[in-house]
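The values are calculated or read from the model by the stated rules, or taken from the named source; none is laboratory data. No experiment lies behind these values; they were computed from the predicted model shown. Glycine also receives a Cβ, built like all others from the backbone with ideal geometry; neighbour counts cover every protein chain displayed.
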Amino acid sequence: MPRLLMNLRNVPEDEAEEVAALMASHAIEHYRTPAGPLGITAGGIWLRNEDDYPRARQLLDQYQDERLQRSRAELEQARREGRIETWWSLARRQPVRTVAYLLLAIFILMIFFAPVLQLGQTN
């Protein structure tokens, strides 16, 4: 009986392909279901044989640990090289857009809090 190995909601395409390739390289029969047309179902990677689940789960856990370490190393490398986009770097690069967004946020907050502030005033 088939068993779900991995739900594909919010999973990048490259990760899903790498997991499928990992299962294939270890001769674990699997198949992939696509996401639903309205985004209600996410799709997944399924094992054809439920008996393969413990070994597949172990391989998946090991892969995800390695991917996490690799992603953290890439992030740290980008941070050291200054390639990470921060709020300040964005504000320096696009000051007009940043100020416009800040003014819009303040305007929206004023609209929401105006009734509360008016309650405290007496006539």
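Numerical summary
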quantity: Filter result (at pLDDT 95 or above and polar (S, T, N, Q)) within the range 1-32; calculated: Asn7, Ser25
quantity: Condition met for Met1 (surrounded by 10 or more Cβ atoms within 10 Å (Cβ to Cβ), without any contact (Cβ under 8 Å) to a residue 60 or more places away in the chain and not aromatic (Phe, Trp, Tyr)); calculated: no
quantity: Whichever residue in the range 51-76 is under 17 Å from Ala21 (Cα atoms) and among the polar types (S, T, N, Q) and, among such residues, is surrounded by the most Cβ atoms within 10 Å (Cβ to Cβ); calculated: Gln64
quantity: Count of the range 16-50 residues which are closer than 18 Å to Arg67 by Cα, touching a residue at least 40 places away in the same chain (Cβ under 8 Å) and surrounded by fewer than 15 Cβ atoms within 10 Å (Cβ to Cβ); calculated: 1
quantity: Subset of the range 1-17 that is of a type in the set (A, V, I, L, M, F, W, C) and touching a Gly at 6+ places or on another chain (Cβ under 7 Å) - its residue that is nearest to Gly36 (Cα to Cα); calculated: Leu8
quantity: Residues located in the range 58-96, provided they are over 21 Å from the mean Cα position of the chain (by Cα) and either among the acidic types (Asp, Glu) or modelled with pLDDT of 95 or more (or both); calculated: Gln58, Leu59, Glu81, Val96
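Results for (1) touching a strand residue (DSSP E or B) at 6+ places or on another chain (Cβ under 9 Å); (2) farther than 28 Å from Arg9 by Cβ, shown as yes or no for each residue.
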{"site": "Gly39", "(1), (2)": "no, no"}
{"site": "Ala42", "(1), (2)": "yes, no"}
{"site": "Glu50", "(1), (2)": "yes, no"}
{"site": "Ala78", "(1), (2)": "no, no"}
{"site": "Gln94", "(1), (2)": "no, yes"}
